[in-house]
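Asks: Dumping the structure here so I can ask a few things about it.
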Amino acid sequence: MKLPFWIAACLGCILMYQSVAVAAEDQNTTVQSVQDTSVQDTQEQQTQPATQNSQDVKLPRWIQKILGEKTKAKGPPEVSNPTPYGETQPTTPLYQTIPGFLQAPYGPPAFGPPFGTTHLLGDWGGVQPWLQKRGLYLAFDVYEDLAGNVSGGKKRDETVAGQVGVTLDVDWEKLLNAGSWSRDLWLHLLVVNGHGRNLSRLFGDNDNQVQQIYGSRGNVIAHMVWAYFEKAWLDRKIDMSVGWIPTGVFFQNSPWVCNFMNVWLCGGEAPTKFMTGGRGWPSGNIGTVLRLMPIRQFYIMGGLFAVSPHAYNGGISGWSWGQDGLGKLSTQVEIGWIPEFGRNHLIGHYKVGVMYDNSRYNHLYEDINGEPWVLSGLPARKESGQTSLWVIADQMLLRHGPGELNGLILGGYYAYGSGQTSQINHTLVGVLMDTGAAWKRPLDSVGIAVLWANFSRSAILAEEAAATHGLPLPGANFGVPYGIQGHETIYEAYYGFHIMDGLSIKPDFQYVNHVGGTRTFKDAVVLSTAVNIAF
């Protein structure tokens, strides 16, 4: 008998959780010891090597023989931030590290390489220590997401979307055994292969994506996400990156955004990352980023990027950096404050930023005479410059153990984009997250979010003019709508299971109100389960 998709998905999650719970019974002593370690003791031992807590599941002996023994870290790893889409992996607390781009566990790649040093296959039979001793940090990551809208939308459907990622981070000082000139000089490379279908498009939402992995990767074997050099000076108080850089993950980003599935959160905030001058993962721009961090609680960061006038930066594959028409520039500036309150180091992240792109973009409504171009047939009026600004904040309210996200956290952001040239001009997001410490699973994570987006007056006027005269509705940087747009709201909840080092599973629920910003379709309910494996 063929079960409905939503029943199969729920049964799968229940069976999976039961198997995990049984396997995790033998590890309670280890987990409890992690929780009993006070943050105050950790602070007193800042000069000593940090230990990484873990929820390793005991494997059968025959599997252990194949995988080999894991090499335990004797101190803070050179690369300490978690894997993307596996955010519950052990990390070094921020207050035990110098918060430079190269070390602090702040999120990919704004303050460190993306995949960290946590691997499902341990030390690869000694290969990983051999590589890292020579300054080569290599990782493979596989992410698969099964999602389906069980009700609402244009039609019911389910899809699988995923990617395979390969990252290489090169420490030139170790590799070349060179002098002081190569200290804190790195090369960062990330290539991905994406596959699958876009569920949101299938159920009628061309403005939002409910799957974390989809889009802009192209139908190619290897899509270039980033390739840039990084150099730091003065104990990483000054840091510069130059090369092919996804601007939306350096700027308007936070360590918790990819805990959630929805793309309005993950990879940078909306609407900025949907603008040509501020595109986020997996798109990039040729440019440079300079960050000054005189103290670990404060930074100011600026970036200058060449703007691509094409639908895909770097072409469909991300490798064509020398595209024509790169004469305009996008400038981004961000100021951040990272305080820690009280003896429990209740960490917060507060930032404000602005982007200005001096390119010229089509007005969404007016033609060269100020009339609706959808009716006159005349060219749209060109707007000089495109602006975006953002305010992002989060604060840990209760700490449940060491780690930057190990506690109850309240966060959110507000962002604005020029409504004359961007379909969405205002977004507002609120989130609440915690770990599973209360039920003895401190490396699990749980969260809820509300995401709201408002469509600009210019976009709505153009849609109303077209609809009144029976013309096709116009689209822009958020796709072609199915009706007159107003606003769209997403309600999301997830639970992340830390199965073992390098392996996490995350069931997710999303309720989409006003699908695509319109009332054309009924509200959609989306269930998904994502599996992330960092080999």
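The values are calculated or read from the model by the stated rules, or taken from the named source; none is laboratory data. Source: prediction; values computed, not measured. Here the Cβ is made from the backbone with ideal geometry for all residues, glycine too, and neighbour counts use every protein chain on show. Protein only, heavy atoms only, side chains kept; ligands, DNA and RNA dropped before computing areas. Shrake-Rupley method; radii C 1.70, N 1.55, O 1.52, S 1.80 Å.
Asks: Tell me, what % of the accessible area of the stretch 132-173 is carbon and sulfur with a 1.4 angstrom probe?
Replies: 60 percent
Asks: What accessible area per residue comes out for the stretch 161-238, rounded to a whole number of Å², with a 1.4 Å probe?
Replies: Ligands and nucleic acids excluded, the result is 40 Å² per residue.
Asks: What ranking, highest mean first, results for peptides 513-524, 374-385 when packing means the other Cβ atoms within 10 Å averaged over each residue?
Replies: 513-524, 374-385
Asks: Something else now. Past the 28 Å Cα-Cα mark, which pairs from LYS351/LYS440; LYS231/LYS351; LYS440/LYS522; LYS273/LYS382; LYS154/LYS382?
Replies: LYS351/LYS440; LYS440/LYS522; LYS154/LYS382
Asks: Now a separate question. Please give the per residue accessible area of the stretch 355-427, computed with a probe of 1.4 Å over protein heavy atoms only, in Å².
Replies: It amounts to 39 Å² per residue over the stretch 355-427.
Asks: When ranked by the protection proxy of mean other Cβ atoms within 10 Å per residue, highest first, what sequence do the peptides 494-500, 251-257, 468-474 form?
Replies: By packing density, highest mean first, the sequence is 251-257, 494-500, 468-474.
Asks: Next question, about the same structure. Give me the percent of accessible area attributable to carbon and sulfur for the stretch 332-491, probe 1.4 angstrom.
Replies: 64 percent
Asks: Accessible area per residue, 1.4 Å probe, Å², for the stretch 431-493: what's the number?
Replies: Spelled out: the 1.4 Å probe surface of the stretch 431-493, per residue, equals 39 Å².
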